Structures are given as structure tokens and as C-alpha cells.
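A short worksheet on the structure shown next.
The values are calculated or read from the model by the stated rules, or taken from the named source; none is laboratory data. Fair warning: this is a prediction, and the values are worked out from it, not measured in the lab. Here Cβ is always computed from backbone atoms with ideal geometry, including for glycine, and neighbour counts include all displayed protein chains.
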Amino acid sequence: MWDGISDRLVQAEKIVFVTGAGISQESGIPTFRGKDGLWRRYDPMKLATIDAFYEDPKLVWEWYEERRQNILNASPNPGHVTIAELEKYRQVSVLTQNIDGLHQRAGSKNVYELHGSIITIKCTVCDFKDKVTTGFSTLPPLCKCGNILRPDVVWFGEALPQDVWESAMVKASSCDIMIVVGTSLAVSPANLLPVYAKQNGAAIIEVNIEKTQMSSEMDLYIRESASKALPELVEIVSSKKIG
């Protein structure tokens, strides 16, 4: 499966994963753009913008609370676990478009959440921000200051967290291998990450069950799910420990 790139994997010191909804779909979390995607049942512009939130915060919160409970009940799959296990052998960073926290729950330490976290809740006015893993008695939930709380996610039209994005660019620009898992990279600016890696001479690998618009730019593409494709990585990488 990894023929043609295994030598570079063995020699690589820094491996960066760029992950999207496809890896979490295997944990039972629906994607937005797949055949069973959430976008097909809802208009995202009515649910995932700040204007929609202020227009009908209860509707938006009902949708997000359903997603939150689904995510909190989900478990990391072998794809997530493999990525975490690779940290035993290499410098591994995860640049994820996912908001579900499954990488951290699998044990990954260096996770950069480009689009925020659905588990973290913040106030729309004051500085309150915290992880909340319980449900809310009323929707929309209110902060102690009296203002509405919102999920700490990046909505359409909002900028990525600047510190997270700057760190992601640094990781992408200095890696030896970039493995793009379960994302079509259709969303900007995340689709620039392989460009930064390529400029550094890194090998780019795509793991996706479907062909994407970026497939032709890859050094290797694997048409398998993350759970099937990634576990073999541990055997390859562990065959030679750097340092």
C-alpha cells in the first residue's frame, strides 16, 4: 500500500497529518459533503454563520447540540489511534479541520484545531471560554454575564484562530512528510497547507476513499479508509527510530 514512499517514511523526522471529516466518519460522525452529509439536510448558511446565529440562536444551538451529543458519544477509531501511536517514533503534528476532539481523545498531543472545537463553548461578549461535555437545560445557553454562549467553532465568514493558523503554517513548511487524510481540501486556507509542505520538499500522501481535486498533486494516493490504511504506518516507521 505504501510502496514507493516507505523509504521516505523511514527517514522522515517530522510527519504532519492534515485531517478532515473523512477520518471521523468512521467513528459515526456524519460528514458535510458526503452522500449522507449534514449539508444535504440543512442549509449551512442558516446554521453556520454569525448572522444566522443572531437571527435564530435557538435553531442553531439545537443543531449544534445534536452534533455535540453525537460527537461526545463517539470514540476514536484505528485511524486516530495510529496517528497518536506514531508520536512514539517521530515528531508528529496534526492539523485538523475537524471540531470533534477525537485526535486528542486518541492520545495525540500536538493537535492544531484549524476550525475550532465544538466541545469548547465561549461567550459572545465576555472572555468566558471552557470545555463543556454536559448538555444544557435551556437553549440557547447563557453565560454568567447574561449574554448568549456559542460553540467555539469557525463559522463561514469568520477568520481562523490566528495563532493556530500561524503554527499550522510553520508545521507544514518544515515537515518531511505530509499525509492528507479524509479531506478534499476544498476549503481555504487549509488547502494551502500542502503547498507550504511542497515548497519545503516534503512528500505529500493522500489517504481518501474518493479521488479529490488535489489527488493529481500528490506523490502517492491511497484509496482506502484511514482505519485500513494508517495502521501499517506504525510498522514502517518503527522499523527505524530516528535519533
- prompt: If we scan the stretch 189-206, do we find a residue that is closer than 26 Å to residue 57 by Cα, under 18 Å from the mean Cα position of the chain (by Cα), outside any strand (DSSP E or B) and without any contact (Cβ under 8 Å) to a residue 60 or more places away in the chain?
  reply: no
- line: Note on residue 170: of the conditions (1) among the β-branched types (Val, Ile, Thr); (2) buried (at least 16 other Cβ atoms within 10 Å of the Cβ); (3) within 18 Å of residue 15 (Cβ to Cβ), unmet is (2)
message: Tell me the residue from 149, 142 that is surrounded by fewer than 17 Cβ atoms within 10 Å (Cβ to Cβ) and in the same structural domain as residue 54 (by TED's automatic domain parsing), please.
response: 142
message: Regarding the stretch 110-130, can at least one residue be identified that is more than 12 Å from residue 168 (Cα to Cα), assigned by TED's automatic domain parsing to the domain that holds residue 174 and aromatic (Phe, Trp, Tyr)?
response: no
- prompt: Taking the stretch 102-114, which residues are within 8 Å of the chain's Cα centre (by Cα) and in a loop (DSSP other than H, G, I, E, B)?
  reply: 114
query: Is there a residue being hydroxyl-bearing (Ser, Thr, Tyr), closer than 21 Å to residue 92 by Cα and assigned to a loop (DSSP other than H, G, I, E, B) anywhere in the stretch 137-149?
result: no
Among the candidates 101, 107, residue that is touching a residue at least 12 places away in the same chain (Cβ under 8 Å) and surrounded by fewer than 21 Cβ atoms within 10 Å (Cβ to Cβ): 107
